[in-house]
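Asks: Structure in C-alpha coordinates, see below.
The values are calculated or read from the model by the stated rules, or taken from the named source; none is laboratory data. All of these numbers come straight from a predicted model, not from anything done at the bench. Every residue, glycine as well, gets a Cβ built from its backbone with ideal geometry; the counts of neighbours run over all protein chains shown.
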Amino acid sequence: MGTNRILQSRMQELGLTQEELAGQLNKALLDITGRPGDVSSRTVRNLLNGQSKRPIGRTCAALERVFGCPVENLGFSAPRSMQHPPEGPVRRRDFIVSTTGTAAAAAPVIKTPKSVGMTDVARIAADMNQLIEADDRQGGHTSLASTALEKRARVLALQQKSSSERVRRVLYALAAEFTTIAAWAHIDLRDLDTAQRHLHESSTFAGLSQDPPTGMRVWINMAMLAYQRKNWAEQLAAAQAAEASAAARRDPFFSSMGRVRVALAHACMGDGKAAQRSLGAAQETFHRAAEDERPRWTAFYGPAELNHLAAIIFNYNGQHAYAEAMAHRALATIPLKFRRNRALAICQLALAQLRQGEPEQATQTASKVFTIMDGTPLPGRMRTLIGDFHRDLFQLAPSTSYARDWADRMREEWSRA
(Lines give C-alpha, C1' and ligand atoms only; values in the text may rest on other atoms or scores of the structure.)
Protein backbone atom coordinates (compact mmCIF):
# COMPACT_ATOMS: atom_id res chain seq x y z
CA MET A 1 0.00 0.00 0.00
CA GLY A 2 1.40 3.39 -0.99
CA THR A 3 0.44 6.85 -2.13
CA ASN A 4 -1.29 7.07 -5.50
CA ARG A 5 1.16 9.50 -7.08
CA ILE A 6 -0.80 9.73 -10.32
CA LEU A 7 -3.99 10.89 -8.61
CA GLN A 8 -2.00 13.23 -6.39
CA SER A 9 -0.36 14.82 -9.44
CA ARG A 10 -3.68 15.27 -11.27
CA MET A 11 -5.22 16.88 -8.20
CA GLN A 12 -2.29 19.29 -7.95
CA GLU A 13 -2.63 20.16 -11.63
CA LEU A 14 -6.30 21.05 -11.12
CA GLY A 15 -5.60 22.80 -7.83
CA LEU A 16 -7.96 20.46 -5.94
CA THR A 17 -7.83 19.79 -2.21
CA GLN A 18 -9.24 16.53 -0.81
CA GLU A 19 -12.43 18.30 0.26
CA GLU A 20 -12.82 19.94 -3.14
CA LEU A 21 -12.34 16.65 -4.99
CA ALA A 22 -14.99 15.05 -2.80
CA GLY A 23 -17.33 17.90 -3.75
CA GLN A 24 -16.54 17.48 -7.45
CA LEU A 25 -17.19 13.72 -7.25
CA ASN A 26 -20.53 14.27 -5.54
CA LYS A 27 -21.51 16.81 -8.20
CA ALA A 28 -20.57 14.31 -10.90
CA LEU A 29 -22.70 11.62 -9.23
CA LEU A 30 -25.63 14.02 -9.07
CA ASP A 31 -25.27 14.72 -12.78
CA ILE A 32 -25.02 11.01 -13.60
CA THR A 33 -27.64 9.46 -11.32
CA GLY A 34 -29.87 12.38 -10.42
CA ARG A 35 -29.13 11.75 -6.73
CA PRO A 36 -26.58 13.48 -4.50
CA GLY A 37 -23.37 11.54 -3.95
CA ASP A 38 -22.00 10.63 -0.54
CA VAL A 39 -18.26 10.81 -1.22
CA SER A 40 -16.39 12.24 1.76
CA SER A 41 -12.89 13.62 2.20
CA ARG A 42 -12.09 10.33 3.94
CA THR A 43 -13.02 8.47 0.75
CA VAL A 44 -10.62 10.69 -1.19
CA ARG A 45 -7.93 10.14 1.42
CA ASN A 46 -8.30 6.36 0.96
CA LEU A 47 -8.00 6.82 -2.79
CA LEU A 48 -4.80 8.80 -2.30
CA ASN A 49 -3.11 6.61 0.30
CA GLY A 50 -3.66 3.42 -1.68
CA GLN A 51 -6.29 1.78 0.54
CA SER A 52 -8.77 1.92 -2.36
CA LYS A 53 -7.03 0.55 -5.42
CA ARG A 54 -10.20 -0.71 -7.11
CA PRO A 55 -12.99 1.80 -6.30
CA ILE A 56 -16.63 0.79 -6.67
CA GLY A 57 -18.30 1.47 -9.99
CA ARG A 58 -20.08 4.66 -8.96
CA THR A 59 -16.83 6.19 -7.71
CA CYS A 60 -14.99 5.14 -10.86
CA ALA A 61 -17.63 6.77 -13.05
CA ALA A 62 -17.40 9.98 -11.02
CA LEU A 63 -13.59 9.98 -11.17
CA GLU A 64 -13.67 9.56 -14.95
CA ARG A 65 -16.06 12.46 -15.29
CA VAL A 66 -14.06 14.82 -13.07
CA PHE A 67 -10.66 14.05 -14.61
CA GLY A 68 -11.81 13.30 -18.17
CA CYS A 69 -9.95 10.00 -18.53
CA PRO A 70 -10.36 6.28 -17.69
CA VAL A 71 -9.67 5.38 -14.06
CA GLU A 72 -6.78 3.19 -15.24
CA ASN A 73 -5.03 6.47 -16.17
CA LEU A 74 -5.48 7.61 -12.58
CA GLY A 75 -3.67 4.64 -11.07
CA PHE A 76 -6.74 2.50 -10.32
CA SER A 77 -8.14 -0.84 -11.47
CA ALA A 78 -11.72 -0.55 -12.66
CA PRO A 79 -14.40 -3.17 -11.89
CA ARG A 80 -14.53 -5.77 -14.68
CA SER A 81 -17.94 -4.55 -15.78
CA MET A 82 -16.58 -1.13 -16.73
CA GLN A 83 -12.98 -1.85 -17.75
CA HIS A 84 -11.98 -0.20 -21.00
CA PRO A 85 -10.97 -2.58 -23.84
CA PRO A 86 -7.22 -2.41 -24.53
CA GLU A 87 -7.57 -2.49 -28.32
CA GLY A 88 -8.78 1.10 -28.66
CA PRO A 89 -11.36 3.66 -27.63
CA VAL A 90 -15.03 2.70 -27.72
CA ARG A 91 -18.27 4.45 -26.81
CA ARG A 92 -18.74 4.91 -23.12
CA ARG A 93 -21.33 2.56 -21.57
CA ASP A 94 -24.62 4.38 -21.35
CA PHE A 95 -25.41 2.98 -17.93
CA ILE A 96 -23.80 3.41 -14.55
CA VAL A 97 -22.59 0.58 -12.37
CA SER A 98 -24.06 0.40 -8.89
CA THR A 99 -22.15 -0.15 -5.64
CA THR A 100 -22.36 -3.94 -6.20
CA GLY A 101 -20.97 -3.69 -9.74
CA THR A 102 -24.31 -4.41 -11.50
CA ALA A 103 -26.17 -2.12 -13.91
CA ALA A 104 -28.18 0.30 -11.79
CA ALA A 105 -29.90 2.41 -14.43
CA ALA A 106 -30.10 3.08 -18.11
CA ALA A 107 -29.45 6.79 -17.69
CA PRO A 108 -27.14 8.01 -20.46
CA VAL A 109 -23.80 9.46 -19.51
CA ILE A 110 -23.76 13.15 -20.40
CA LYS A 111 -20.41 14.34 -21.64
CA THR A 112 -19.19 17.23 -19.50
CA PRO A 113 -16.48 19.77 -20.19
CA LYS A 114 -12.91 18.85 -19.30
CA SER A 115 -11.74 20.20 -15.96
CA VAL A 116 -9.62 23.35 -16.00
CA GLY A 117 -6.30 23.15 -14.15
CA MET A 118 -3.23 25.22 -13.37
CA THR A 119 -1.63 24.15 -16.67
CA ASP A 120 -4.43 25.97 -18.52
CA VAL A 121 -3.96 28.96 -16.22
CA ALA A 122 -0.21 29.09 -16.92
CA ARG A 123 -0.84 29.02 -20.68
CA ILE A 124 -3.24 31.97 -20.48
CA ALA A 125 -0.92 33.89 -18.16
CA ALA A 126 1.81 33.59 -20.79
CA ASP A 127 -0.55 35.22 -23.30
CA MET A 128 -1.13 38.07 -20.86
CA ASN A 129 2.60 38.65 -20.42
CA GLN A 130 2.98 39.01 -24.19
CA LEU A 131 0.36 41.79 -24.18
CA ILE A 132 2.15 43.60 -21.35
CA GLU A 133 5.41 43.42 -23.32
CA ALA A 134 3.65 44.84 -26.39
CA ASP A 135 2.42 47.74 -24.28
CA ASP A 136 5.96 48.32 -22.95
CA ARG A 137 7.27 48.63 -26.51
CA GLN A 138 4.55 50.61 -28.22
CA GLY A 139 2.10 51.93 -25.66
CA GLY A 140 -1.67 51.62 -25.84
CA HIS A 141 -3.24 50.88 -29.22
CA THR A 142 -6.58 49.56 -30.43
CA SER A 143 -5.31 46.12 -31.46
CA LEU A 144 -3.87 45.63 -27.96
CA ALA A 145 -7.25 46.40 -26.40
CA SER A 146 -9.09 44.11 -28.83
CA THR A 147 -6.71 41.22 -28.23
CA ALA A 148 -6.98 41.64 -24.46
CA LEU A 149 -10.78 41.46 -24.64
CA GLU A 150 -10.59 38.35 -26.85
CA LYS A 151 -8.36 36.70 -24.25
CA ARG A 152 -10.80 37.71 -21.52
CA ALA A 153 -13.62 36.00 -23.42
CA ARG A 154 -11.56 32.78 -23.47
CA VAL A 155 -10.99 33.02 -19.71
CA LEU A 156 -14.68 33.54 -18.99
CA ALA A 157 -15.51 30.56 -21.21
CA LEU A 158 -13.22 28.42 -19.05
CA GLN A 159 -15.21 29.50 -16.00
CA GLN A 160 -18.09 27.43 -17.37
CA LYS A 161 -16.02 24.26 -16.99
CA SER A 162 -15.28 22.25 -13.91
CA SER A 163 -12.47 23.64 -11.74
CA SER A 164 -11.32 23.96 -8.16
CA GLU A 165 -12.02 27.05 -6.09
CA ARG A 166 -8.37 28.04 -6.38
CA VAL A 167 -8.38 27.78 -10.16
CA ARG A 168 -11.69 29.66 -10.36
CA ARG A 169 -10.25 32.56 -8.36
CA VAL A 170 -7.15 32.67 -10.56
CA LEU A 171 -9.33 32.71 -13.68
CA TYR A 172 -11.23 35.72 -12.31
CA ALA A 173 -7.88 37.41 -11.62
CA LEU A 174 -6.87 36.78 -15.24
CA ALA A 175 -10.20 38.16 -16.46
CA ALA A 176 -9.55 41.29 -14.39
CA GLU A 177 -5.99 41.54 -15.76
CA PHE A 178 -7.05 41.28 -19.41
CA THR A 179 -9.85 43.80 -18.86
CA THR A 180 -7.42 46.18 -17.15
CA ILE A 181 -4.98 45.86 -20.07
CA ALA A 182 -7.82 46.88 -22.40
CA ALA A 183 -8.75 49.76 -20.08
CA TRP A 184 -5.14 50.91 -19.88
CA ALA A 185 -4.80 50.83 -23.67
CA HIS A 186 -7.80 53.14 -23.93
CA ILE A 187 -6.37 55.43 -21.24
CA ASP A 188 -3.17 55.67 -23.27
CA LEU A 189 -5.28 56.38 -26.36
CA ARG A 190 -7.30 58.93 -24.35
CA ASP A 191 -10.52 57.11 -25.14
CA LEU A 192 -11.51 57.73 -21.55
CA ASP A 193 -15.19 56.72 -21.59
CA THR A 194 -14.34 53.27 -22.94
CA ALA A 195 -11.52 52.99 -20.40
CA GLN A 196 -13.90 53.77 -17.56
CA ARG A 197 -16.37 51.11 -18.68
CA HIS A 198 -13.63 48.48 -18.77
CA LEU A 199 -12.30 49.51 -15.37
CA HIS A 200 -15.73 49.05 -13.82
CA GLU A 201 -15.79 45.54 -15.31
CA SER A 202 -12.29 44.74 -14.10
CA SER A 203 -13.14 45.86 -10.56
CA THR A 204 -15.91 43.24 -10.49
CA PHE A 205 -13.58 40.47 -11.65
CA ALA A 206 -10.87 41.61 -9.22
CA GLY A 207 -13.34 41.37 -6.34
CA LEU A 208 -14.35 37.86 -7.36
CA SER A 209 -10.70 36.83 -7.60
CA GLN A 210 -9.94 37.87 -4.01
CA ASP A 211 -6.40 38.59 -5.23
CA PRO A 212 -4.84 41.69 -3.57
CA PRO A 213 -2.32 42.59 -6.32
CA THR A 214 -5.06 42.40 -8.96
CA GLY A 215 -7.25 44.72 -6.90
CA MET A 216 -4.28 47.06 -6.47
CA ARG A 217 -3.81 47.27 -10.21
CA VAL A 218 -7.43 48.28 -10.73
CA TRP A 219 -7.17 51.10 -8.15
CA ILE A 220 -3.95 52.39 -9.74
CA ASN A 221 -5.59 52.48 -13.16
CA MET A 222 -8.64 54.24 -11.73
CA ALA A 223 -6.33 56.90 -10.32
CA MET A 224 -4.61 57.21 -13.71
CA LEU A 225 -7.95 57.56 -15.48
CA ALA A 226 -9.10 60.28 -13.08
CA TYR A 227 -5.76 62.06 -13.63
CA GLN A 228 -6.37 62.06 -17.39
CA ARG A 229 -9.89 63.40 -16.80
CA LYS A 230 -8.49 66.10 -14.48
CA ASN A 231 -10.92 64.87 -11.84
CA TRP A 232 -8.56 65.54 -8.96
CA ALA A 233 -10.94 64.52 -6.16
CA GLU A 234 -11.60 61.13 -7.74
CA GLN A 235 -7.90 60.70 -8.45
CA LEU A 236 -7.10 61.26 -4.76
CA ALA A 237 -9.85 58.86 -3.63
CA ALA A 238 -8.62 56.08 -5.95
CA ALA A 239 -4.99 56.64 -4.93
CA GLN A 240 -5.91 56.53 -1.24
CA ALA A 241 -7.84 53.29 -1.84
CA ALA A 242 -4.69 51.84 -3.45
CA GLU A 243 -2.60 53.04 -0.50
CA ALA A 244 -4.99 51.39 1.97
CA SER A 245 -5.44 48.15 -0.02
CA ALA A 246 -4.54 44.69 1.27
CA ALA A 247 -1.64 44.48 -1.20
CA ALA A 248 -0.18 47.75 0.10
CA ARG A 249 -0.55 46.65 3.73
CA ARG A 250 1.32 43.42 3.02
CA ASP A 251 4.11 44.66 0.74
CA PRO A 252 6.06 47.96 0.90
CA PHE A 253 6.45 47.77 -2.88
CA PHE A 254 2.70 48.18 -3.41
CA SER A 255 2.51 50.68 -0.56
CA SER A 256 5.03 52.87 -2.41
CA MET A 257 3.03 52.53 -5.61
CA GLY A 258 -0.11 53.79 -3.84
CA ARG A 259 1.66 56.60 -1.97
CA VAL A 260 3.25 58.11 -5.05
CA ARG A 261 -0.19 58.25 -6.67
CA VAL A 262 -1.47 60.06 -3.57
CA ALA A 263 1.44 62.49 -3.95
CA LEU A 264 0.50 63.19 -7.57
CA ALA A 265 -3.13 63.77 -6.61
CA HIS A 266 -2.11 66.31 -3.94
CA ALA A 267 0.16 68.07 -6.45
CA CYS A 268 -2.67 68.31 -8.97
CA MET A 269 -4.89 69.82 -6.26
CA GLY A 270 -2.25 72.45 -5.49
CA ASP A 271 -1.21 71.09 -2.09
CA GLY A 272 2.55 71.06 -2.58
CA LYS A 273 3.43 70.24 1.03
CA ALA A 274 1.15 67.20 1.16
CA ALA A 275 2.51 66.10 -2.23
CA GLN A 276 6.10 66.23 -0.99
CA ARG A 277 5.23 64.36 2.21
CA SER A 278 3.58 61.55 0.27
CA LEU A 279 6.39 61.48 -2.30
CA GLY A 280 8.97 61.17 0.47
CA ALA A 281 6.95 58.36 2.05
CA ALA A 282 6.72 56.58 -1.31
CA GLN A 283 10.49 56.81 -1.80
CA GLU A 284 11.26 55.64 1.75
CA THR A 285 8.77 52.77 1.54
CA PHE A 286 10.10 51.60 -1.79
CA HIS A 287 13.60 51.23 -0.35
CA ARG A 288 12.18 48.87 2.27
CA ALA A 289 10.62 46.56 -0.33
CA ALA A 290 12.21 43.15 -0.70
CA GLU A 291 13.17 41.65 -4.07
CA ASP A 292 10.16 39.32 -4.18
CA GLU A 293 8.47 37.70 -7.15
CA ARG A 294 5.51 39.83 -8.22
CA PRO A 295 3.07 39.89 -11.16
CA ARG A 296 4.56 40.76 -14.56
CA TRP A 297 2.56 43.99 -14.81
CA THR A 298 4.52 45.50 -11.89
CA ALA A 299 7.80 45.46 -13.88
CA PHE A 300 7.31 49.11 -14.89
CA TYR A 301 7.52 50.30 -11.27
CA GLY A 302 10.95 50.83 -9.82
CA PRO A 303 13.40 53.68 -9.09
CA ALA A 304 13.08 54.94 -12.68
CA GLU A 305 9.28 55.19 -12.62
CA LEU A 306 9.38 56.69 -9.12
CA ASN A 307 11.75 59.41 -10.39
CA HIS A 308 9.56 59.95 -13.46
CA LEU A 309 6.50 60.48 -11.28
CA ALA A 310 8.54 62.76 -9.01
CA ALA A 311 9.34 64.88 -12.09
CA ILE A 312 5.61 65.21 -12.84
CA ILE A 313 4.88 66.12 -9.21
CA PHE A 314 7.64 68.78 -9.10
CA ASN A 315 6.44 70.23 -12.41
CA TYR A 316 2.96 70.58 -10.91
CA ASN A 317 4.45 72.13 -7.78
CA GLY A 318 6.32 74.72 -9.87
CA GLN A 319 9.70 73.29 -8.76
CA HIS A 320 10.99 72.92 -12.30
CA ALA A 321 14.69 72.57 -11.46
CA TYR A 322 13.85 69.59 -9.24
CA ALA A 323 11.59 68.23 -11.98
CA GLU A 324 14.46 68.44 -14.48
CA ALA A 325 16.79 66.59 -12.11
CA MET A 326 14.21 63.82 -11.48
CA ALA A 327 13.56 63.43 -15.21
CA HIS A 328 17.29 63.03 -15.87
CA ARG A 329 17.49 60.39 -13.12
CA ALA A 330 14.53 58.54 -14.60
CA LEU A 331 15.99 58.52 -18.11
CA ALA A 332 19.29 57.18 -16.79
CA THR A 333 17.58 54.01 -15.58
CA ILE A 334 14.39 53.42 -17.61
CA PRO A 335 15.11 50.27 -19.69
CA LEU A 336 15.42 50.93 -23.42
CA LYS A 337 12.60 48.47 -24.17
CA PHE A 338 10.14 50.73 -22.29
CA ARG A 339 10.01 53.14 -25.21
CA ARG A 340 6.72 54.75 -24.27
CA ASN A 341 7.89 55.40 -20.69
CA ARG A 342 11.17 56.90 -21.90
CA ALA A 343 9.32 59.19 -24.30
CA LEU A 344 6.96 60.34 -21.53
CA ALA A 345 9.93 61.13 -19.27
CA ILE A 346 11.46 63.14 -22.16
CA CYS A 347 8.23 65.15 -22.29
CA GLN A 348 8.52 65.98 -18.58
CA LEU A 349 12.17 66.98 -19.03
CA ALA A 350 11.30 69.26 -21.95
CA LEU A 351 8.47 70.91 -20.00
CA ALA A 352 10.77 71.48 -17.01
CA GLN A 353 13.40 73.11 -19.23
CA LEU A 354 10.85 75.25 -21.03
CA ARG A 355 9.37 76.51 -17.75
CA GLN A 356 12.86 77.50 -16.61
CA GLY A 357 13.14 79.83 -19.61
CA GLU A 358 15.25 77.58 -21.87
CA PRO A 359 13.02 77.16 -24.95
CA GLU A 360 15.72 76.20 -27.47
CA GLN A 361 17.17 73.47 -25.27
CA ALA A 362 13.66 72.31 -24.39
CA THR A 363 12.78 72.04 -28.09
CA GLN A 364 15.85 69.91 -28.76
CA THR A 365 14.85 67.67 -25.87
CA ALA A 366 11.22 67.36 -26.96
CA SER A 367 12.28 66.35 -30.49
CA LYS A 368 13.85 63.19 -29.02
CA VAL A 369 10.34 61.86 -28.40
CA PHE A 370 9.92 61.24 -32.12
CA THR A 371 13.29 59.49 -32.34
CA ILE A 372 12.47 57.23 -29.41
CA MET A 373 9.06 56.27 -30.78
CA ASP A 374 10.73 55.64 -34.17
CA GLY A 375 7.74 56.10 -36.42
CA THR A 376 5.27 54.42 -34.06
CA PRO A 377 2.00 56.37 -33.77
CA LEU A 378 2.06 58.50 -30.62
CA PRO A 379 -0.36 57.31 -27.91
CA GLY A 380 -3.04 59.80 -26.93
CA ARG A 381 -1.48 60.60 -23.54
CA MET A 382 1.80 61.50 -25.25
CA ARG A 383 0.02 63.66 -27.81
CA THR A 384 -1.55 65.60 -24.95
CA LEU A 385 1.85 66.29 -23.38
CA ILE A 386 3.36 67.24 -26.75
CA GLY A 387 0.40 69.54 -27.29
CA ASP A 388 1.02 71.21 -23.90
CA PHE A 389 4.67 71.72 -24.82
CA HIS A 390 3.76 73.12 -28.27
CA ARG A 391 1.33 75.64 -26.77
CA ASP A 392 3.81 76.85 -24.12
CA LEU A 393 6.67 77.03 -26.64
CA PHE A 394 4.75 79.32 -28.98
CA GLN A 395 3.72 81.53 -26.08
CA LEU A 396 7.36 81.93 -25.06
CA ALA A 397 9.23 81.96 -28.40
CA PRO A 398 6.70 82.09 -31.27
CA SER A 399 8.91 83.60 -34.01
CA THR A 400 12.13 81.63 -33.54
CA SER A 401 13.49 79.34 -36.23
CA TYR A 402 13.68 76.36 -33.86
CA ALA A 403 10.01 76.82 -32.93
CA ARG A 404 9.04 76.82 -36.64
CA ASP A 405 11.18 73.70 -37.25
CA TRP A 406 9.50 72.07 -34.27
CA ALA A 407 6.04 72.88 -35.65
CA ASP A 408 6.92 71.31 -39.01
CA ARG A 409 8.22 68.15 -37.34
CA MET A 410 5.21 67.92 -35.06
CA ARG A 411 2.76 68.20 -37.96
CA GLU A 412 4.56 65.36 -39.74
CA GLU A 413 4.45 63.10 -36.68
CA TRP A 414 0.89 64.10 -35.79
CA SER A 415 -0.38 62.93 -39.15
CA ARG A 416 0.75 59.31 -38.60
CA ALA A 417 -2.20 56.92 -38.27
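Asks: Which pairs turn up if I take residues in region 39-59 that are within 16 Å of residue 11 (Cβ to Cβ) and look for partners that are among the charged types (D, E, K, R) with beta carbon separation below 6 Å, at least 6 apart in sequence or on another chain?
Replies: As it stands, the answer is 41/19, since those pairs meet every condition given.
Asks: To continue, here is another question. Can you work out which of the residues in region 149-196 that are of a type in the set (Asp, Glu) and more than 19 Å from residue 219 (Cβ to Cβ) is nearest to the chain's Cα centre (by Cα)? Step through it out loud before you land on a result.
Replies: Keep residues of region 149-196 that are of a type in the set (Asp, Glu), which gives 150, 165, 177, 188, 191, 193.
Next, from what is left, pick out any that are more than 19 Å from residue 219 (Cβ to Cβ): 150, 165, 191, 193.
Numbers: 150: 14, 165: 19, 191: 20, 193: 20 Å.
This residue is 150.
Asks: Select from region 324-337 the residues that are closer than 26 Å to residue 374 by Cβ and not in a loop (DSSP other than H, G, I, E, B) and list them in ascending order.
Replies: Filtering region 324-337 for residues closer than 26 Å to residue 374 by Cβ gives 324, 326-337.
Once the filter is applied, which keeps residues that are closer than 26 Å to residue 374 by Cβ and not in a loop (DSSP other than H, G, I, E, B), region 324-337 yields 324, 326, 327, 328, 329, 330, 331, 332, 333.
Asks: Right, another one. Name the one entry in 305, 284 that is among the charged types (D, E, K, R), part of a helix (DSSP H, G or I) and at pLDDT below 95. Steps first, please.
Replies: Details: 284 fails: at pLDDT below 95.
Going through 305, 284 in turn, just one is among the charged types (D, E, K, R), part of a helix (DSSP H, G or I) and at pLDDT below 95: 305.
Asks: Moving on. Suppose we filter 311, 289 for residues that are under 27 Å from the mean Cα position of the chain (by Cα), in contact (Cβ under 8 Å) with a residue 24 or more places away in the chain, over 24 Å from residue 131 (Cβ atoms) and part of a loop (DSSP other than H, G, I, E, B); which single one remains?
Replies: On the way: 311 fails: part of a loop (DSSP other than H, G, I, E, B).
The match here is 289.
Asks: Could I ask something else about it? Can you work out which of the residues in region 170-196 that are at pLDDT 90 or above and of a type in the set (D, E, K, R) is farthest from residue 123 (Cα to Cα)?
Replies: If we take residues in region 170-196 being at pLDDT 90 or above and of a type in the set (D, E, K, R), then 193 is farthest from residue 123 (Cα to Cα).
Asks: Kindly indicate whether any position in region 205-213 is buried (at least 24 other Cβ atoms within 10 Å of the Cβ) and more than 30 Å from residue 28 (Cβ to Cβ). Working first, answer last.
Replies: Kept after step one, since they are buried (at least 24 other Cβ atoms within 10 Å of the Cβ), are these residues of region 205-213: 205-206.
Among the residues that remain, those that are also more than 30 Å from residue 28 (Cβ to Cβ) are: 206.
Yes: region 205-213 contains one or more residues that are buried (at least 24 other Cβ atoms within 10 Å of the Cβ) and more than 30 Å from residue 28 (Cβ to Cβ).
Asks: crowded, with 20+ Cβ neighbours inside 10 Å and more than 11 Å from the chain's Cα centre (by Cα), is that true of residue 146? Walk me through how you get there before you give the answer.
Replies: Numbers: crowded, with 20+ Cβ neighbours inside 10 Å: no; more than 11 Å from the chain's Cα centre (by Cα): yes.
Here the answer is no, as residue 146 does not meet what is asked.
Asks: Among the residues of region 183-204, is there at least one that is out of contact with any helix residue (DSSP H, G or I) (no Cβ under 7 Å at 6 or more places or on another chain), of a type in the set (A, V, I, L, M), not assigned by TED's automatic domain parsing to the domain that holds residue 376 and not in a helix (DSSP H, G or I)?
Replies: No; the residues of region 183-204 include none that is out of contact with any helix residue (DSSP H, G or I) (no Cβ under 7 Å at 6 or more places or on another chain), of a type in the set (A, V, I, L, M), not assigned by TED's automatic domain parsing to the domain that holds residue 376 and not in a helix (DSSP H, G or I).
Asks: While we're looking at this one, here's another question. Does region 175-186 contain at least one residue that is touching a residue at least 60 places away in the same chain (Cβ under 8 Å) and charged (D, E, K, R)?
Replies: Checked against the condition, which is being touching a residue at least 60 places away in the same chain (Cβ under 8 Å) and charged (D, E, K, R), region 175-186 yields at least one hit.
Asks: Pick out the one residue from 301, 322 that is of a type in the set (Ser, Thr, Tyr) and either within 18 Å of residue 352 (Cα to Cα) or free of Cβ contacts under 8 Å to residues at least 24 places away in the same chain (or both).
Replies: Numbers: 301 fails: either within 18 Å of residue 352 (Cα to Cα) or free of Cβ contacts under 8 Å to residues at least 24 places away in the same chain (or both).
Checking each option against the conditions leaves just 322.
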